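One structure below.
The values are calculated or read from the model by the stated rules, or taken from the named source; none is laboratory data. Source: prediction; values computed, not measured. All Cβ positions, even for glycine, are placed from backbone atoms using ideal geometry, and neighbour counts span all protein chains on display. Surface accessibility is based on the protein's heavy atoms, side chains included, excluding ligands, DNA and RNA. Shrake-Rupley method; radii C 1.70, N 1.55, O 1.52, S 1.80 Å.
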Amino acid sequence: MITIKSTISAKIAEILKTINADAAIEAETVREMLEYPPDEKMGDLALPCFKLSKLLRMAPVKIAATIAESFEADCVERAEALNGYFNIYLSGAYLAGKVVGEVAEKGEKYGAPTEMGQGKTVVLDYSSPNVAKPFHIGHLGTTVIGHSLKKLHEFAGYKCVGINYLGDWGTQFGKLIVAYHKWGNAEAIEAGGVDALVELYVKINNAINDDPALADEARAEFRKLEDGDEENIKLWRWFVDISLAEYQKTYKQLGIEFDSYKGESFYTDKMPAQVQKLRDMGLLKIDDGASIVDLEPYGMTPCLILKRDGSTLYPTRDIAAAVYRKETYDFDKMIYVTSAGQSLHFAQWFKVVELMGYEWFDKLVHVPYGTVSINGEKLATRTGNVILLRDLFAESIAKVESIMKEKNPDLPDMDKVSEAVGVGAIVFYYLSNNRIRDINFMMEDALSFEGNTGPYVQYTYARTCSVLAKSPELDMNAELSVTTADETALLKTLSRFEEVVREAIAAYEPSIVTRYILDVAGAYNRFYHNCSILGAENEQIRNTRLALTRAAQTVLGNAFGLICLAKTEKI
Ligand code: ARG
């Protein structure tokens, strides 16, 4: 659609020159003005001429009429002036040739704006759970939004570095070490994994409430860890490995891999240099014993750099990590995906980086998202009363499996398919919302095969596969013949893919892709129900419909890849 829009705008710009050459309206300007009308009866594209009226010194109705008089393009079937709009109806035959040709040529790259990221590097910091604390549904957002943004950028030709900035350092390890000495048992922990650690963690937090002296003990153990005590380091590494092994299972279900797991602990020895720089630049202020950067001139509360006891804080570590990553990856953009609750934290330390004179400060992007509750229940982390991501997936997979057993008991690889559909249902449901909105997760809605859900779109993908499996003779290079409005409508939807990808990247918004997938699935299913494919009236029409099916399959598959949704060949 991008090239089609360019062709059309170039022709319109030519005509506008004949009206008033001095106005010098560029094709690019026209292109940006082109709209998708809300109702297809008003055309596939429209130019609202009132926006040109002032520049051209002519009434909108007259401008539209003048364009309509001499406009002509291969890609346009007809065009008309109506109420100051120039409405354009695209040619199905032209679209078919273009879409099918491009799908045949580009395949998995169809829809990719590959020139966009050429030679550029993006670092993405996402998921980043806190070790030995539960990996719960609050992490769903950072994990799937983060990974989708990575996939989108990769699709657009960027070199991407996905970093899991594990919360693998901090006083919680002091607490865990105390708890382990008091109640722990190595075998039970090996067997119980992260659950056993979380249990210890919850137990020690409760114990600290009753006996604050335990908190001092925990601090002392953490201090020992910081000072490199061998025994504590061994325990710490063990806790991290156990937690990581558990997270990996969830990542595997989602098809997520990280390029780096350098967590908070990695930056311990990289902070002093940044603190010194802040001090040398006169940016640090002492406030009640703590060292802060005053951000009042920028309308923010101070950024905390050192506690009274000289220990570092969350922002200190983020600053050191950003400097290290700039030196290591020389990124053109670094994206952080966290809950909106951390927005102030990012705004503060981004400002500090700017004040420190790092000229790349404006390449840092915070991508926030809203809260999640499930079936109306909010989360409480400290008490251990949380819904784990693992359990949410397990429940969804089990429900899908029972539905499948009923609907399609002979399905091969039932386990694998149930996992793909069960996990996909949750991911798709979550990513259907604008990321910043708070969402209430309704399991029943997510799992429905009928609504606008993951199962529905995966089912549609499987449908394209089954049609094509029956038709080995498909020839993507043969002459095409488009005969129905449903075919043209499908083609229009498919041709929008690249624009959708660009929009999703610009807005850091995977839900734009999710909604587009629903458009494609809807258009394909209408076509499927209304047009006979295998029983088409002649060879050429049959081949055209198969080619459209291949194109829809390609677009769905490519788009699934952008939002962590598995391609299911059979459901
Ligand atoms: N571990 C943090 C948490 O769970 C998220 C880390 C986000 N990334 C960062 N660079 N601060 O809240």
Legend entry - Check on Leu124, buried (at least 21 other Cβ atoms within 10 Å of the Cβ) and either more than 12 Å from the ligand (Cβ to nearest atom) or of a type in the set (Asp, Glu) (or both): no
Legend entry - helices (runs of 4 or more DSSP H) within the range 180-254 that include 1 or more residues within 30 Å of Asp309 (Cβ to Cβ): 194-210, 213-226, 230-254
Legend entry - Residue in the range 446-467 that is open to solvent by 40 Å² or more (accessible area, probe 1.4 Å), among the hydrophobic types (A, V, I, L, M, F, W, C) and assigned to a helix (DSSP H, G or I) present: no
Inset, instruction - May I ask you to list pairs of residues, at least six apart or on different chains, whose Cβ atoms are under 6 Å apart, with the first in the range 242-261 being under 14 Å from Ile163 (Cβ atoms) and without any contact (Cβ under 8 Å) to a residue 24 or more places away in the chain and the second being polar (S, T, N, Q) and surrounded by fewer than 20 Cβ atoms within 10 Å (Cβ to Cβ)? - result: none
Legend entry - Subset of the range 133-174 [within 26 Å of Arg219 (Cα to Cα) and away from the ligand (no atom under 15 Å from the Cβ)]: Gly174
Legend entry - Long-range neighbours under 7 Å by Cβ, at least six apart or interchain, first residue among the hydroxyl-bearing types (Ser, Thr, Tyr) within the range 342-355, second outside any helix (DSSP H, G or I) and at pLDDT 95 or above: Ser343/His366; Ser343/Pro368
Legend entry - Lys492, sole failed condition from (1) open to solvent by 70 Å² or more (accessible area, probe 1.4 Å); (2) part of a helix (DSSP H, G or I); (3) in contact with a strand residue (DSSP E or B) (Cβ under 8 Å, 6 or more places away or on another chain): (1)
Inset, instruction - For the range 12-59, enumerate the residues that are aliphatic (A, V, I, L, M) and over 20 Å from Asp74 (Cα atoms). - result: Ile19, Ala21, Ala23, Ala24, Ile25, Met33, Leu52, Leu55, Leu56, Met58, Ala59
Legend entry - For Gly162: the one exception among (1) touching a residue at least 60 places away in the same chain (Cβ under 8 Å); (2) open to solvent by 10 Å² or more (accessible area, probe 1.4 Å); (3) outside any helix (DSSP H, G or I): (2)
Inset, instruction - Scan Gly157, Gly119, Gly97, Gly146 and give me the residue that is open to solvent by less than 20 Å² (accessible area, probe 1.4 Å) and either out of contact with any helix residue (DSSP H, G or I) (no Cβ under 6 Å at 6 or more places or on another chain) or of a type outside the set (Val, Ile, Thr) (or both). - result: Gly146
